[in-house]
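Every read-out reported here was derived from the displayed coordinates using simple, explicitly stated rules and does not represent laboratory data. Keep in mind the model is a prediction, meaning the values are calculated, not measured. Cβ coordinates were reconstructed from backbone atoms using ideal geometry, including for glycine residues, and neighbour counts include every protein chain displayed.
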């Protein structure tokens, strides 16, 4: 199964750093993650020089996982130019278009 995650809650950092990222790094997550969308303050999780962002960047390259921050969230926080190299910014239509190309089965909001 191919899934995409939309991170909206204030627990997203914990969910990513203690569950999702370690499982992906150890090839035991159980599904193919094709995309991650970061909404609100979670956009900060894609900033360069952040340990979690660097791990996400590496996983993105290794497993072809799309990383995208909400454009308005990035602009409001003035981080649009400081995201890890392979992360993009966009709005929901951009997210839908990117995910449609991946053939994802389910979007999960955390």
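Full extension of the chain segment joining residue 63 with residue 81 gains 4.1 nm, where the gain is 0.36 nm per residue of separation less the Cα-Cα distance.
Of the residues 69, 100, 87, the one that moves most in a GNM of the chain with alpha-carbon contacts below 10 Å is 100. Counted by neighbouring Cβ atoms within 10 Å, the residues 38, 104 run from fewest to most as 104, 38. Per residue of the chain, the DSSP helices (runs of n ≥ 4 H) give a summed -39500 (n - 2.57) that works out to -9500 deg cm²/dmol at 222 nm. Counting other Cβ atoms within 10 Å as a rough exposure proxy, the listed residues 109, 8 run 109, 8 from fewest neighbours to most.
For the chain, the relative contact order comes to 38 percent (Cα pairs under 8 Å, sequence separation of at least 6). Per q in 0.10, 0.16, 0.24 1/Å, what log10 I(q)/I(0) does a Debye calculation on the alpha-carbon atoms of the chain return? Treating every Cα as an identical point scatterer, log10 I(q)/I(0) equals -0.24, -0.63, -1.56. Rounded to the nearest 5, the antiparallel percentage of DSSP beta bridges internal to the chain is 5%. GNM on the chain, alpha-carbon springs under 10 angstrom: the most fluctuating residue among 47, 80, 23 is 23.
Ranking of 96, 5 by neighbouring Cβ atoms within 10 Å, starting from the fewest: 96, 5.
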